2 protein chains.
Amino acid sequence: MQKQHNLSKNQKIIFDLIDKAGEPMKAYSILFNVQKKGIKAPLQVYRALDKLVEIGKIHKIESRNAFIACQNSNCQISKATAFSICENCEKVSEISSSKLSKYLSNFVDHSGMKFSKYNLEFFGLCKNCK
Amino acid sequence: MQKQHNLSKNQKIIFDLIDKAGEPMKAYSILFNVQKKGIKAPLQVYRALDKLVEIGKIHKIESRNAFIACQNSNCQISKATAFSICENCEKVSEISSSKLSKYLSNFVDHSGMKFSKYNLEFFGLCKNCK
DNA sequence: TTGTAAATGTTATATTATTACATACCGTTA
DNA sequence: TAACGGTATGTAATAATATAACATTTACAA
Ligand SMILES: [Zn+2]
Ligand SMILES: [Zn+2]
Ligand SMILES: [Zn+2]
Ligand SMILES: [Zn+2]
């Protein structure tokens, strides 16, 4: 049983928007979309995003500066993430391969560094674009 | 034999700076450091960075918005990159594990997507920090 | 030498993210 | 209940990162 996080008002508004979008959203596009709900400033958005990332409800797609809802009910904490990104249409999917995550979680650098977290972004063409 | 890229003046100035630094540098810190050499505008820096990334002389650390010289003489083209990042001291190393790169290059998503490129960032504590 | 691609120079602007400070809310426990 | 502490919110200002648009120059091959 995972810890239940009760989202605050702003967090819920912003999570619902991103979740419904089903694709990565940028912070200022989120801001534009929630202004009618009373969220007026960038910082309000970034604070909610930070928290949602921390608890694993959303992930940041670093190469795109965008945020997507977690598509994998197992990853409540955002410490092992993998995505496929279409370089043509920008479609992003979260990869949930237990083989991959096991392989990467157990990977030990030759320097002996043991990792507590990783983020992997694959690029290519999705099946609609190739 | 890899293609030889003759760097232009600005590209060389900026590559030399990053290479000598031996650690990730941010674009505006690069700009500050090369102003005495006549490079005055952000765009001049970003254009050189884009080119250097394209030909694999440097890589972008996406989670840090910073650029580091390639530490792996084999990767002349920047399409399969992996880094370890210390969350305490921000030390970054390029990982060159042929096992890892083979594993990831051959990874096929369950959607059937075949990838042409990837970037992997591991996080943890380096041996000085743990 | 002339055509073309790449690189440069310059100004302005767009986009992404944080600092600083004041106030409100919410659950715990004295 | 009242006081406390942690979390969340509101607001303004600004910092940091990145690109658009346009003019000009350089490199180099046909
Ligand atoms: Zn997830
Ligand atoms: Zn596509
Ligand atoms: Zn490299
Ligand atoms: Zn360290």
- Message: How high is the relative contact order of chain B? Use alpha-carbon pairs under 8 Å, at least six apart in sequence, and give a whole percent.
- Response: 21
- Query: Using +1 on the beta carbon of Lys and Arg, -1 on that of Asp and Glu, and nothing else charged, what's the dipole of the range B:1-119 about the Cα centre, debye to 20?
  - Reply: 440
- Message: Compute the distance from the alpha-carbon center of the range B:107-125 to that of the range A:90-130, in whole Å.
- Response: 4
- Query: Ranked from the most accessible area to the least, with a 1.4 Å probe and all protein chains present, what is the order of B:CYS126, B:CYS70?
  - Reply: B:CYS70, B:CYS126
- Message: For the interface of B with A, what's the total buried accessible surface in square angstrom, probe 1.4 angstrom, rounded to the nearest hundred?
- Response: 2600
- Over all alpha-carbon pairs of the protein assembly as shown, lay out the pair-distance distribution in 5 Å bins, whole %, shortest bin first. 1, 5, 12, 14, 16, 16, 15, 11, 6, 3, 1, 0
- Item | Loop sites in the range A:79-114: GluC sites (Glu not before Pro), DSSP, at most 16 other Cβ within 10 Å | A:GLU87, A:GLU90
- Query: Where Rh denotes the Kirkwood radius from the mean inverse Cα pair distance, what is Rg over Rh for the range B:9-69?
  - Reply: 0.91
- Query: For chain B, what % of the accessible area comes from carbon and sulfur atoms, probe 1.4 Å?
  - Reply: 50
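Once you average over the residues of A:82-94, how many Cβ atoms of partner chains fall within 10 Å of each Cβ?
Values: counts 5, 2, 7, 5, 1, 3, 0, 0, 0, 1, 0, 4, 0.
For peptide A:82-94, the averaged partner shielding equals 2.
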- Note on the structure: Residue-normalised 222 nm signal for chain A, counting each DSSP H run of n ≥ 4 as -39,500 (n - 2.57), nearest 500 deg cm²/dmol, is -9500 deg cm²/dmol
- Task: With a point put 7 Å past each Cα toward its Cβ, work out how far B:SER96 is from A:ASN6 in nm, to one decimal.
- Result: 5.4
- Estimated Rh, chain B: Kirkwood, alpha-carbon pairs, angstrom: 15.9
- Accessible area per residue of the range B:9-69 at 1.4 Å probe, in Å²? 54
- Note on the structure: Computed ³J(HN,Hα) along the range A:83-95: with the Karplus parameters 6.51/-1.76/1.60, θ = phi - 60°, integer Hz and x for glycine or proline, the list is 9, 10, 10, 7, 6, 9, 9, 6, 5, 10, 10, 7, 8
- Note on the structure: Amide H neighbours of A:LYS117 at under 5 Å, excluding residues fewer than 5 places away on the same chain, with H built from the backbone geometry, are B:PHE123
- Query: Which angle from 0 to 90°, rounded to the nearest 10, does the C-alpha axis of helix A:9-21 make with the longest principal axis of chain A?
  - Reply: 60
- Which links in A:LYS117/B:LYS130; A:LYS60/A:LYS114; A:LYS60/B:LYS102; B:LYS26/B:LYS57 stretch past 20 Å when you go from one Cα to the other? A:LYS60/A:LYS114; A:LYS60/B:LYS102
- Item | Area of B:ASP16 that stays accessible when all protein chains are in place (1.4 Å probe, Å², to 10) | 70
- Label spacing, shortest first and in nm, from B:SER96 to its equivalents in the remaining copies (7 angstrom along Cα→Cβ): 3.8
- Query: How many nm is it between the label spots at A:ASP19 and B:VAL53, if each spot is 7 Å from the Cα in line with the beta carbon?
  - Reply: 3.3
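The values are calculated or read from the model by the stated rules, or taken from the named source; none is laboratory data. Since the structure is predicted, the reported quantities are computational estimates derived from the model, not experimental observations. Backbone-built Cβ (ideal geometry, glycine too); neighbour counts: all protein chains shown. Ligands, DNA and RNA are excluded from the accessible area calculation, which covers all protein heavy atoms including side chains. Shrake-Rupley method; radii C 1.70, N 1.55, O 1.52, S 1.80 Å.
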